[in-house]
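Derivation of every value follows stated rules applied to the coordinates shown; laboratory data play no part. Bear in mind that the values here come from a model prediction, so they are computed numbers and not experimental data. We place every Cβ from the backbone using ideal geometry, glycine too, and count neighbours over all the protein chains shown.
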Amino acid sequence: MTTAADDLDTITERWPTLHEAAGTRPTTTWPPAMGITRLMTEEERQEQAAERADTNPDAPGPRPTPIDVDVLDVMTTIETGLLTTADWLAERVQRPAFRATTGRGWSDDVHRQVVLLAAKDAADPRRWKYTGQRDAPTAAEWLSLRLRNAPGPFRALDEGERQAVENVARMGVELLRRTLGEARRKEAVPHPCPQPCGGQLVVEGGDGAPPVVRCEDCGRTWTEAAADVA
Ligand SMILES: [Zn+2]
């Protein structure tokens, strides 16, 4: 059983894979490269290219990369949930930065120390930021640290706050798994199982998780690194 903090880590780690599945980033080259964009039939590919091209489809030059709108929708849903939750939680648990009164000049040693301290406190990288870099991985990482009570200018979460973060984490990871799970594909391998069964081997991958070779008869599995994990 994974904790909500683990779920948030999963979202952070697999966000690039969602980008790949959406076609908003070059696909990996792991063979047989099977990102969603490459699983479309030629007809679907042409349709999408035609929809997106604002020029004559016969015009020279590269075709637009097909974008998977369903995956983008999922990403927007996950990201909005995480950012909204982080904004809400930060308002509640993040201590406002210290303020130092200014105007007493740098010749006052104590005053200078206080001003530097205040500036450092405000710039504490552990703080949630309401502007600038705001994306799903940043929010997921920040929320996971709050669930784990990591040190920083924050008070501990109460039960309601914890529950709210857990809900958004669970929803996010479920959406992510469902989306990437559909991207996982099987392909036959032209070698028999080296075990006595001599069964049909298949390779499963393409969803960003480590590819696995599996025997459909005896169920033994091998990872890409040839380590026997069965
Ligand atoms: Zn076998």
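Some values worked out for this structure:
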{"item": "Other-chain or far-sequence residues with amide H under 5 Å of Phe154's (modelled H)", "result": "Arg95"}
{"item": "Ranked Glu159, Glu174, criterion: other C-beta atoms within 10 Å, fewest first", "result": "Glu159, Glu174"}
{"item": "Those chymotrypsin sites (Phe, Trp or Tyr not before Pro) in the range 82-158 that DSSP places in a loop and that have at most 14 other beta carbons within 10 Å", "result": "Phe98, Trp106, Tyr130"}
{"item": "Per-selection Rg to Rh, the range 71-131 - Cα, Kirkwood hydrodynamic radius", "result": "1.25"}
{"item": "Distance between the range 4-18 and the range 117-174 - C-alpha centres, whole angstrom", "result": "14"}
